[in-house]
Every structure is written in structure tokens, then in C-alpha cells.
1. Scan Glu236, Glu263 and give me the residue that is over 25 Å from Ala299 (Cα atoms) and of a type in the set (Asp, Glu).
2. Does Glu19 qualify as being part of a helix (DSSP H, G or I), out of contact with any Ser or Thr (no Cβ under 7 Å at 6 or more places or on another chain), open to solvent by 50 Å² or more (accessible area, probe 1.4 Å) and modelled with pLDDT of 90 or more?
3. Which condition does Leu172 not pass, out of (1) buried (at least 17 other Cβ atoms within 10 Å of the Cβ); (2) touching a Lys or Arg at 6+ places or on another chain (Cβ under 9 Å); (3) not charged (D, E, K, R), if it passes all the others?
4. Within segment 238-252, which residues are modelled with pLDDT under 80 and of a type in the set (A, V, I, L, M, F, W, C)?
5. Just to be sure before I move on: is His275 in contact with a helix residue (DSSP H, G or I) (Cβ under 6 Å, 6 or more places away or on another chain), modelled with pLDDT of 90 or more and under 30 Å from Ile212 (Cβ atoms) in the structure I sent?
6. Inside segment 212-260, can you point out the residues that are free of Cβ contacts under 8 Å to residues at least 40 places away in the same chain and among the basic types (Lys, Arg)?
7. Tell me the helices (runs of 4 or more DSSP H) entirely within segment 194-307 that contain at least 2 residues that are open to solvent by less than 60 Å² (accessible area, probe 1.4 Å) and β-branched (Val, Ile, Thr).
Amino acid sequence: RRAEEADAGGAAEIEELEESALASKMQLEMNLNAVFELFTIDAALVSRIFPNLQADLLCKEPVRRRLVTVLVGRMLAHCPTLGQGSASAAAAAPLLQRYPILLDRHLERLTDANEEVRHVALDGARDMLATAVACRSREVQLRNLGGGRGHGASTSGTEAWGLAADRINACLALRCLDPAEEVRLKVLSVVFDIASSSSFGLALLSSVLPVIFGRILDKRPQVRIACAEAMANLYEVHALPLIVDGETEALPDLKFVPRLLCEAFHVFAQSRLGHTSFIEELIEKHLLGCALPSASDSADVRARALVAFCGAALGEERSAQGLALLLYRKRETNAALLRYLRLRTRSAGPVLEFNRPRDAGQGSLQLTPASDGDAAGDA
């Protein structure tokens with residue numbers, strides 16, 4: 001009985017501690033959300049707690065460290081309204097420009113020992129890169145309107161965002177080698193979201209895209225698949241429309257996409273890792289534009305896409321080997337299909353037979369082998 005009472009008391013104490021921890025977490029989330037709301041109104045309202053945030057980013061409690069990382073990431077990515085006069089523009093300088101140590105501490109969380117902290121740190125990095133892209137786009141618009149040079153504070157803020165983006169890019173290039181598979185997938189997601197958003201996003205990440213998408217040779221199948229899909233879709237968004245329109249002079253530097261896909265095709269085929277038919281489908285749909293409505297009607301469109309693809313793939317030895325293997329398999333498959341059709345037509349049999357099961361209302365197409373002696377001998 002005493003043992004039962006001790007067990008019951010221990011269970012009740014554990015449950016009470018869990019409830020207390022949950023209540024403390026919810027209270028902390030509410031407080032941090034209030035801090036962010038005040039920050040968006042005026043950063044001066046919460047400027048006194050910045051040293052506390054720096055310390056909390058290094059605290060030993062993973063839950064608190066994660067929640068504070070979320071807050072600091074949102075604060076660093078917040079872009080105040082610029083161009084409202086010299087005094088207000090100076091006061092509205094981005095937080096990462098006025099308190100660079102917060103950016104330092106936040107980037108350190110990308111290498112945190114806790115996987116959840118690294119996840120939320122990547123969310124903050126994505127938000128900051130998105131803000132950098134928006135600021136760059138706004139600066140170009142102002143410059144085109146003739147007012148870009150009149151906003152010195154805006155130009156200074158854009159330069160600060162550019163420097164921060166360079167640091168984030170370097171961290172992303174390291175995190176694509178993270179020991180956790182989910183973190184590597186998150187890095188690919190962050191990079192694709194920013195690079196596919198606009199041409200400014202693509203230019204912002206151009207220096208690290210070949211390194212990060214090099215994870216197409218990752219040891220985990222999910223990472224390989226996600227990497228191949230992201231690359232192919234990125235090429236379709238930025239390069240393929242220009243190829244279709246014949247504007248090859250304005251093509252972005254995405255030659256690494258055909259090269260990496262062909263290299264991966266060669267590695268997967270030689271190592272029997274699979275994915276070869278998947279990569280072949282990605283190439284046909286997203287790089288050669290076979291799925292585009294214009295491609296089915298115009299041979300010129302398909303020819304331009306094929307020339308751009310082969311020209312990029314032949315730029316390196318390993319990708320050229322992959323392209324040669326891909327074309328070899330295409331020829332062999334086509335020759336096998338032609339042999340089959342020749343055998344079927346020689347035996348005066350249909351190429352495809354439509355069989356309707358007796359107990360079902362649905363039919364199915366089935367291939368029937370040749371039956372005459374000559375055809376069997378040729379086979």
C-alpha cells in the first residue's frame with residue numbers, strides 16, 4: 001500500500017510539474033508576442049530588453065531558447081517604412097543595422113545543439129532574406145522612377161540587408177550538411193522559396209545555389225528527391241520562359257541545374273540507387289519544356305530548350321558522361337520499342353489488345369507477345 005501511495009504521489013507531482021511548465025511556456029509566448037507588437041509600433045519601446053534577448057539566445061533551456069529565437073528572427077526581418085524624411089528614415093533603420101550583435105546571436109542558433117532551435121532559426125533566416133529581396137526590389141523601383149538617389153537612408157538600409165544576406169547565405173551553405181535530415185530539407189525549402197520568388201531572390205542566392213543543390217547526391221533519398229525537384233522547378237521558373245521566347249542573352253546563370261541533374265543521373269545509374277526515371281521526367285517536363293502548350297506545337301521551342309540543356313550539360317566532364325548515358329538509354333529504349341512494333345505488325349496482330357474482364361465493367365489495355373515462329377525467333 002505504501003508503495004502504491006508513493007507511486008500515486010510521484011505521478012501527481014510529475015503531472016503538476018508538466019502543467020506548470022506548460023503554463024510557463026504559454027505565458028512566455030504571450031509576453032514575447034507582446035514584445036513584438038510593441039516593437040512594430042516603435043522599437044524604442046522595447047530597446048531596454050535587447051540585452052536580455054541576447055542573453056536568452058544563449059540560455060540553457062531549449063524551450064526558452066527556441067521561443068526567443070523566433071522572436072528575434074521576426075524582429076530582425078521587420079522592415080520599417082523608409083523614405084519619410086531624413087530624421088524618420090534614420091530612426092527607421094533596420095534592427096540588424098542598429099544592433100548587429102542580435103544578428104550575430106541569431107545566426108549562431110543555426111548551429112544550435114537542439115534541432116528545433118535550428119528549424120526556427122532557418123525560419124528567421126528565410127524571413128530576413130525575403131525582406132532583403134523586397135528592399136532591393138523597392139530600391140530598383142525608386143531608381144527607375146528617378147528618386148532612387150534621393151533616399152540615402154534607404155540605400156544605406158539596402159546595403160545593410162545585402163551584407164546580412166551574404167552572411168545568411170554562408171550559414172545556409174554550411175547547414176545543407178546538417179546531420180539532421182529534416183534540417184537539410186528545411187534548407188532546401190528556404191532556398192527554393194527565396195530563389196523562386198523573383199529575379200532579385202535568384203540573384204541574392206546565386207553564389208550558394210550550386211553548393212546547396214549539390215545535395216542531390218545526399219545519402220538520404222528524400223533529400224535527393226527534394227533537391228532535384230527544387231532545381232528543376234527553379235529552372236522552369238527563371239530560364240525556360242526566356243528560352244521559349246528566344247531571349248537567350250538574358251538567361252540567368254542556371255547552367256549548374258542541367259549539369260547537376262546529368263551528373264546525378266550518371267551516379268544513380270552506376271550505383272543502382274534509383275531515381276533515374278524520375279530525373280528523366282524532370283528534365284523533359286521542366287528543362288526541355290515538353291509539358292508546355294507551346295512546345296507541342298513548335299519544334300523551334302523544343303530545339304532551343306534542347307540546345308540550352310545540352311550546352312550546359314556538356315560544360316563539365318561528369319555531367320557530359322551523364323548526358324551521354326541518358327541519350328544512350330533513350331536510343332536503346334526507342335530501338336526496343338521499334339523492334340516490338342515490327343514484330344507485332346509482322347505477325348498481323350494488334351499492337352495493344354483491349355481485354356474486358358467478365359466480372360468487371362472496366363476494361364484494361366494489355367500487351368500480348370507475338371505468336372508466330374518468325375517473330376519469336378527475331379525476339
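1. Details: Glu236 fails: over 25 Å from Ala299 (Cα atoms).
None of the other options fit; the residue is Glu263.
2. Working: part of a helix (DSSP H, G or I): yes; out of contact with any Ser or Thr (no Cβ under 7 Å at 6 or more places or on another chain): yes; open to solvent by 50 Å² or more (accessible area, probe 1.4 Å): yes; modelled with pLDDT of 90 or more: no.
When the stated conditions are applied, Glu19 does not pass them.
3. It fails just one condition, (2).
4. Taking segment 238-252 first, the residues modelled with pLDDT under 80 are 246-252.
If the condition is that a residue be modelled with pLDDT under 80 and of a type in the set (A, V, I, L, M, F, W, C), then Ala250, Leu251 are the ones that fit.
5. Numbers: in contact with a helix residue (DSSP H, G or I) (Cβ under 6 Å, 6 or more places away or on another chain): yes; modelled with pLDDT of 90 or more: no; under 30 Å from Ile212 (Cβ atoms): yes.
So His275 fails the test.
6. Matches in segment 212-260: Arg215, Lys219, Arg220.
7. Details: elements: 199-205, 209-212, 221-238, 240-244, 256-271, 276-282, 293-297.
The qualifying helices (runs of 4 or more DSSP H) are 221-238, 240-244, 256-271, 276-282.
Residues are listed down the side, and each one gets a yes or a no for (1) over 24 Å from the mean Cα position of the chain (by Cα); (2) surrounded by 19 or more Cβ atoms within 10 Å (Cβ to Cβ); (3) modelled with pLDDT of 95 or more; (4) within 23 Å of Leu67 (Cβ to Cβ):
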{"position": "Leu95", "(1), (2), (3), (4)": "yes, yes, no, yes"}
{"position": "Pro100", "(1), (2), (3), (4)": "yes, no, no, yes"}
{"position": "Leu122", "(1), (2), (3), (4)": "no, yes, yes, yes"}
{"position": "Arg126", "(1), (2), (3), (4)": "no, yes, yes, yes"}
{"position": "Cys135", "(1), (2), (3), (4)": "no, yes, no, no"}
{"position": "Val140", "(1), (2), (3), (4)": "yes, no, no, no"}
{"position": "Leu163", "(1), (2), (3), (4)": "no, no, no, no"}
{"position": "Ile168", "(1), (2), (3), (4)": "no, yes, yes, yes"}
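The values are calculated or read from the model by the stated rules, or taken from the named source; none is laboratory data. Keep in mind it's a predicted model, so treat the numbers as computed, not measured. Cβ coordinates were reconstructed from backbone atoms using ideal geometry, including for glycine residues, and neighbour counts include every protein chain displayed. In case anyone asks, the SASA skips ligands and DNA or RNA and just uses the protein heavy atoms, side chains included. Shrake-Rupley method; radii C 1.70, N 1.55, O 1.52, S 1.80 Å.
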